[in-house]
Every structure is written in C-alpha cells, then in structure tokens.
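Read the structure below first, then the notes.
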Amino acid sequence: MKAFFTATAVATTATTLASLASAQVPGFDISGWQESTDFEAAYADGNRFVYIKATEGTTYTSDKFSAQYAGATEAGLIRGAYHFAQPASSTGAEQAQFFVENGGGWSNDGITLPGALDIEYNPNGDTCYGMAAADLVSWIEDFVTTYESLTGRWPTIYTAWNWWNPCTGNSEAFNDRSPLWVAAYSDSVGQLPGGWPTHTIWQYNAEFPQGGDSNLFNGDESRLKALATGEE
C-alpha cells in the first residue's frame, strides 16, 4: 500500500479530523515494511482497528505478520489481514486460497475483521497489469467468491477511484457485497469508485505515528464491532 500513494500523500488537516472524530473510529494499516509498531501506544491514542499485510500473489508471506497480529491482539485492537493482489500471476481463486491458508481467514470471535483484497496500481509494470477491464473484473470476482466460500464472509476491497475507474471500467459488480476501503489522500473522501453508496474505511495518509497508514472507520465503535462479527 505504501508504494501506491506515498508520492502523492497529503495529510488530512487536524480541523477536518476533529470534526469527524465523533462519528468515525481511527485505525491504521501496516505491512512488513514496519520493523516495529507500538500497538499499545496506538490504542492509547484512540485507535481501535488495524489491517495487517499477510500475503501477496501466491509466493509471498510477510514474516512480520504473526508477530504484528499477536501484538495488535494483545493491545486490544480489532484486527484483520490483507492480501496484495497480483492478478497477472495467478487466478483470483488461487490467491484467495493462499491468503486464507496464510493468515487471511476470518473467525467469529468479535475481534477479527473480514480479510481485505488490496487491488491497486501494479508496482512493477503496467498500471492495470496488462489486463483488460473485463478480465480484471473477472479476476476480482474469482477472488471475492472464493474467499466467501472459504470463510463465510465477503472480503473488504481496498482501492482508489483513480485505479478502479480506468482499470475495471468503474465496475459496479461488488458494491452490494464487499465493504469499500478507499484510499484518498486529501481532506475528504471524494468521489467513490464502483457505485459504492458509501465507504466503510478511508485511508487518508501514509503518516501514522507508529508507522504505516492512517485510516478512519465510517461509523462508531459499535458499527466497527458489527463489521467484525458479520452483523453489519
């Protein structure tokens, strides 16, 4: 995720965040790039959730994931795993299976968020992975339906308007199933992709104090817990 937006990151103003604080819950996301994270400090600062990178494609597993997941749990955070998609390398079903087998599953324990599919700019080549929009939509469908069949939950989809619009043709195929985690490094969420009527999580900068990216959950803490339990 960090490679996706760092160059264009713009910190959200303190005034804007203050106005949202009563209605939204702060959180963050991290990956193996973060050598250490002070989860207790994050919780003390008011953060209540974190997404942690577990896998990429079908060959990469984060060697930091287990320790990060345990640290988040011990600090009292609601936590979940995310998968960085590499749609040109293998099928969506294969990557969903790999994700679930390596930390991306879901448990109905009240503290586990549904796994997230991070689908964004190709960090190693063509923006849309050299794939036509229809093929990318089919790939995402393959991932989403496989994940649901394995876990009983629809995965969250992390993306941004300026990737989703050109690369999927602004597909509206997922807005009635998968919660939207939208990246928009500005002082507002802005235009949402894919016909989603609202966002569930907003990633608004890459400057989280304990490392990683800053996020806001779109609702109060009871709704965040409902997302974890599947009662949203």
Practice item. Treat every Asp and Glu Cβ in the chain as -1 and every Lys and Arg Cβ as +1, leave all other atoms uncharged, and give the resulting dipole magnitude about the Cα centre to the nearest 20 debye. Key: 180
Practice item. Would you work out which of Gly57, Thr37, Thr151 lies farthest towards the positive end of the dipole of the chain, given +1 charges on the beta-carbon of Lys and Arg and -1 on that of Asp and Glu, about the Cα centre? Key: Thr37
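Averaging the inverse of every distinct alpha carbon separation and then flipping it gives the Kirkwood radius. What is it for the chain, in angstrom units?
Computed over Cα pairs of the chain, the Kirkwood hydrodynamic radius comes out at 17.4 Å.
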Exercise for review: Compare the peptides 153-160, 216-223 by average per-residue count of other Cβ atoms within 10 angstrom and give them in order, highest first.
Suggested key: 153-160, 216-223
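Here, each number is a calculation from the coordinates, and none is a lab measurement. Remember, it's a predicted structure, so these values are computed and weren't measured experimentally. FYI the Cβ positions are ideal-geometry reconstructions off the backbone, even for glycines, and counts take in every protein chain you see.
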